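The next block holds one structure in the form of structure tokens; read it before the comments.
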Amino acid sequence: MDTLLLSRLQFGITIVYHFFFVPVSIGLAGLVAGLQTAWVRTGHPRYLRLTRFYGKLFLINFTIGVVTGIVQEFQFGMNWSEFSRFVGDIFGAPLALEGLLAFFMESTFLGLWIFGWDKLPKKIHLACIWLVAIGTVLSAFWILAANSFMQHPVGYTINTELGRAELIDFGAVVTNPVLLATMPHQISACYMVGASVVTAAAAWHLVRVARKDRAAQSALVAASGDAADYVRDAEDDESRSAFRTALKIGTVTMLIAGALTFIAGDTQGKVMTDVQPMKMAAAEALYHTEKPASFSIITIGTLDGKHEVWAIKVPRLLSFLAHSNFTGEVQGINNLQTEYAQKYGPGDYAPNIPVTYWTFRLMMGVGFVAFAGGVLILWLTRKDRDPATTGFWGIVWRYGPILLPLLPLLGNSFGWIFTEMGRQPWLVFGLLPTRDGVSPNLSPVQVLISLIILTGVYGVLAVIELRLFTRTISAGLPDLEPEPEPDSADKPLSYAY
Amino acid sequence: MDLATVWFVIEAVLWIGYFVLEGFDFGVGLSLPLIGRRDRERHAVLSTILPVWDGNEVWVIVAGGAMFAAFPGWYATIFSTFYLPLLAILFGLIIRAVGLEYREHREDAAWRRRWDWCIIAGSFLPALLWGVAFGNIVRGLPINAGHNFTGSLLDLLNPFALLAGLVTLTLFLTHGSVFLALRTTGELRLRAKRQASVAGAITVVLGVGFLVWLNRLPGIENRGAVLVCSIVTAAALVFGLGMHLANRDGWSFAGTAVTVGGVVITLFTALYPRLMPSTSNPAWSLTIQNSSATHYTLTIMTWSAAVLVPLVLAYQAWTYWTFRKRITLPPVDADAADAVRAKAQPSSVRSAIAK
């Protein structure tokens, strides 16, 4: 294996892993801020307990997002030094601004939020978590600005003497059509994930209480009593009410975010057809230009355009995805290949088709299933109904909460794998091939070492994080501490969320 | 001053911010075994940095990002050259951060002990290796005409760079001990002061040796300025330690903070106008002229930094103000009473909520 392949593998593994945590952080930050706002406005302790419960989950997750994020920033220079030299004049500014504007804000105010409960006035403390939530969105904007340049370079000129791209219009970089289309799609997709975590944890507790109810009721019946005598434990009753609220907030947010994700994704598809037609063709494994173009839900056979055994096709849908009308022309891979070969010289300009074809479908598929899951949850819990504990719906309720957050989370991963793999063979579309961006001084052994160490550490962290996460969920709503005596000498800070 | 020079200065400011702030975080992490002998003491020691360490760490992300933006060539060369040391630094930063954030989530003694070791190792690696990296940057490395490193890992582990690593390690430990003395009371403070005395004495010896060696490195263009910076830095360290002996905690911390900043200024002064000297051929050295971004990019960055850096400094200062009180370890009985109260608490809260 060579340095290039290993570096690509490492970047792929580290960024996909990093991006398991980022959407949870972005989504949860906003939802926790919303819950705390509800508490500050209503003074109801239920919202405070929910804020602390979800706040704890947010922090457990945020930590891994932070540590894996630093790796990403360092990797551009470590593994992709020629890329860094080539695009640094343009690419570096958004990264620096991400740190200056967003990361400083997120981490400083997060520290204030975690430990400032009894040190700051209520409203200022609330402002801290809002600043964190805003910071996460700002950081998404700047990193997407950098990424969008790689998808669709704008506002630059090529300095042939220095062999690099140089910035001539910063305004164009921050209004890149790809950026403007990706930003709403990405943020709403993040909120889908955050909301699904809120929903899932709430559902888990509702199921827990419902099962406990049923067990206690059948025990009463067995003891020849009447099930109607059953009185639920006060704490469980409070849990049930609080988590019903959380479930509703989570599901409704997920549905709104889901709808926005679909709408924004549709816009994004049209921009992509415009600026990266090869990626659109690769998404459909469309080899020959079609007018109108159909969209296949699923294909069995090879995706090289030669042997198609069986496929479900929706006529004219691809035309609609690409152009908002049912008659538009969508260019095929072969036609684009010929065109690019003339423009950029001989070479293979098609990305890995099976990867782009399936990730595109899976991204949309899991998104739709998650959305349907949200609708189902709202229906099943209508009018104060409790989750079923037996039969088919009992099984759905038992395993559904575990699966639910994975769907939009994987949707995010598939979307990014599609976007980045669909950009290949380019690192910066049309300007820099991926193979030319790698650091020339690295040996494969060095990259192999880092690949093994990072993958190993990430694997261990994943296990620890998931355990702590589920443990914190099952611990339930945290108890509220009494008001601390003001102005006492500082004891070691309690980890009070 | 042209913008490239301005950005050289801003880059120095960002690294000063990082090393002054994370320097004491590393020092506090390294202090766990000696100053925090029991779990509750280690918790108290870590409490001094828990609300702020993450904000402090962002300085390195911004320093890296700004280097990428203002000196793309420098960023590319440095980060690819120090591939394995940076990997070790990243490894350290990862386990330290997770340790700091996860330690308190469980009461389990074994869980906490494991994270304590992660915090210690995760403070040790960056404290040592950032010094090694910067030592090499100032000393120079085999760099070819394409600005790529041509040496091996062994070239990075030369005596000068290793000494630089030991200097940052001991200096950060001193800085952290002095910080702990400023931020704690009672027995913890006394232990921190004892540690500051020992670490400080070692830092003086290593630091002065390093500065003397630094002044004799070939290729430095501003020898006079480097000498002045070295003397001021050494004087700040002596001042800080003197104030420490005089029990003036605030002044002593100011002294070590200026020392850390002084080291960065001295190193950057020794570099200027080079960014990464080439020992293969001086003509192949990276300089602020041949590695900087365009005037247009630097202008945008300058305006951004001029607005945002003071803002960040202001709100970070406010954070330190919010958490300004010294950490006091509660007496053991009170601790036990706390535990009893905590156990008794939930039911009363529950009943309050039920009502």
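Looking at B:A293, B:A283, B:A270, can you tell me which residue is within 12 Å of chain A (Cβ to nearest Cβ) and on the phi < 0 side of the Ramachandran plot?
Values: B:A283 fails: within 12 Å of chain A (Cβ to nearest Cβ); B:A270 fails: within 12 Å of chain A (Cβ to nearest Cβ).
Exactly one residue qualifies, and that residue is B:A293.
From the list A:G328, A:G332, A:G269, exactly one residue is within 30 Å of A:T199 (Cβ to Cβ) and either in contact with a strand residue (DSSP E or B) (Cβ under 9 Å, 6 or more places away or on another chain) or surrounded by 15 or more Cβ atoms within 10 Å (Cβ to Cβ) (or both). Which is it? Write out each step before concluding.
On the way: A:G328 fails: within 30 Å of A:T199 (Cβ to Cβ); A:G332 fails: within 30 Å of A:T199 (Cβ to Cβ).
Within the list A:G328, A:G332, A:G269, the selection yields A:G269.
One residue is enough: does segment B:179-200 have a residue meeting the conditions without any contact (Cβ under 8 Å) to a residue 12 or more places away in the chain and closer than 30 Å to B:R139 by Cβ?
Checked segment B:179-200: at least one residue is without any contact (Cβ under 8 Å) to a residue 12 or more places away in the chain and closer than 30 Å to B:R139 by Cβ.
Among the residues of segment A:166-181, which ones are in contact with a Ser or Thr (Cβ under 6 Å, 6 or more places away or on another chain) and either away from every other protein chain (no Cβ under 14 Å) or assigned to a loop (DSSP other than H, G, I, E, B) (or both)? Give the steps one after another, and end with the answer.
Residues of segment A:166-181 in contact with a Ser or Thr (Cβ under 6 Å, 6 or more places away or on another chain): A:166-168, A:176, A:178-179, A:181.
Scanning segment A:166-181 gives A:I168, A:N176, A:V178, A:L179, A:A181.
Answer with yes or no whether A:W204 is of a type in the set (A, V, I, L, M, F, W, C), buried (at least 19 other Cβ atoms within 10 Å of the Cβ), touching a helix residue (DSSP H, G or I) at 6+ places or on another chain (Cβ under 6 Å) and within 30 Å of A:I473 (Cβ to Cβ). Steps first, answer last, please.
Details: of a type in the set (A, V, I, L, M, F, W, C): yes; buried (at least 19 other Cβ atoms within 10 Å of the Cβ): yes; touching a helix residue (DSSP H, G or I) at 6+ places or on another chain (Cβ under 6 Å): yes; within 30 Å of A:I473 (Cβ to Cβ): yes.
The answer is yes for A:W204.
On the given criteria, is A:F170 in contact (Cβ under 8 Å) with a residue 12 or more places away in the chain and either closer than 20 Å to A:G55 by Cβ or buried (at least 20 other Cβ atoms within 10 Å of the Cβ) (or both)? Show your work before the answer.
Values: in contact (Cβ under 8 Å) with a residue 12 or more places away in the chain: yes; either closer than 20 Å to A:G55 by Cβ or buried (at least 20 other Cβ atoms within 10 Å of the Cβ) (or both): no.
Here the answer is no, as A:F170 does not meet what is asked.
Tell me whether segment A:205-218 contains one or more residues that are within 14 Å of another protein chain (Cβ to nearest Cβ), of a type outside the set (D, E, K, R), in contact (Cβ under 8 Å) with a residue 40 or more places away in the chain and more than 24 Å from A:G367 (Cα to Cα).
Within segment A:205-218, the first condition is being within 14 Å of another protein chain (Cβ to nearest Cβ), and the residues that meet it are none.
Taking every residue of segment A:205-218 in turn, none turns out to be within 14 Å of another protein chain (Cβ to nearest Cβ), of a type outside the set (D, E, K, R), in contact (Cβ under 8 Å) with a residue 40 or more places away in the chain and more than 24 Å from A:G367 (Cα to Cα).
Looking at (1) of a type outside the set (G, A, S); (2) part of a helix (DSSP H, G or I); (3) within 8 Å of chain A (Cβ to nearest Cβ), which one does B:V45 not meet, given that it meets all the others?
Against the list (1) of a type outside the set (G, A, S); (2) part of a helix (DSSP H, G or I); (3) within 8 Å of chain A (Cβ to nearest Cβ), B:V45 comes up short only on (3).
Given the conditions (1) over 15 Å from A:T289 (Cβ atoms); (2) surrounded by 12 or more Cβ atoms within 10 Å (Cβ to Cβ); (3) not charged (D, E, K, R), which single one is not true for A:G347?
(2)
Look through B:A235, B:A225 and report the one residue that is in a helix (DSSP H, G or I) and either surrounded by 15 or more Cβ atoms within 10 Å (Cβ to Cβ) or not aliphatic (A, V, I, L, M) (or both).
Numbers: B:A235 fails: either surrounded by 15 or more Cβ atoms within 10 Å (Cβ to Cβ) or not aliphatic (A, V, I, L, M) (or both).
Exactly one of B:A235, B:A225 is in a helix (DSSP H, G or I) and either surrounded by 15 or more Cβ atoms within 10 Å (Cβ to Cβ) or not aliphatic (A, V, I, L, M) (or both), namely B:A225.
Which residues, counting only those in segment B:137-172, are farther than 26 Å from B:G209 by Cα and in contact (Cβ under 8 Å) with a residue 12 or more places away in the chain?
Scanning segment B:137-172 gives B:I143, B:N144, B:A145, B:H147, B:N148, B:F149, B:T150.
Tell me, please, whether a residue that is in contact with a Phe, Trp or Tyr (Cβ under 8 Å, 6 or more places away or on another chain) and free of Cβ contacts under 8 Å to residues at least 12 places away in the same chain can be found in segment B:17-30.
No - not one qualifying residue is present in segment B:17-30.
Here is a list: A:V447, A:V428. Which entry is modelled with pLDDT of 90 or more and facing chain B (nearest Cβ under 10 Å)? Break it down into steps so the answer makes sense when it comes.
Working: A:V428 fails: facing chain B (nearest Cβ under 10 Å).
Checking each option against the conditions leaves just A:V447.
Could we say that A:R471 is within 30 Å of A:Q337 (Cβ to Cβ) and among the charged types (D, E, K, R) here? Walk me through it before giving the result.
Numbers: within 30 Å of A:Q337 (Cβ to Cβ): no; among the charged types (D, E, K, R): yes.
Here the answer is no, as A:R471 does not meet what is asked.
Are any residues in segment B:130-156 surrounded by 23 or more Cβ atoms within 10 Å (Cβ to Cβ) and at pLDDT below 90, and if so, which ones?
none
Of all residues in segment B:254-299, how many are surrounded by 24 or more Cβ atoms within 10 Å (Cβ to Cβ), polar (S, T, N, Q) and touching a Cys at 6+ places or on another chain (Cβ under 9 Å)?
So the count comes out to 1.
Does B:A164 satisfy the criteria of being surrounded by 19 or more Cβ atoms within 10 Å (Cβ to Cβ), out of contact with any Gly (no Cβ under 7 Å at 6 or more places or on another chain) and within 21 Å of B:F24 (Cα to Cα)? Break it down into steps so the answer makes sense when it comes.
On the way: surrounded by 19 or more Cβ atoms within 10 Å (Cβ to Cβ): yes; out of contact with any Gly (no Cβ under 7 Å at 6 or more places or on another chain): no; within 21 Å of B:F24 (Cα to Cα): yes.
In short, no.
The values are calculated or read from the model by the stated rules, or taken from the named source; none is laboratory data. Note that the coordinates shown come from a computational prediction; the quantities given were computed from them, not determined experimentally. Methodologically, a virtual Cβ is constructed for each residue, glycine included, from the backbone with ideal geometry; neighbour enumeration extends over all protein chains shown.
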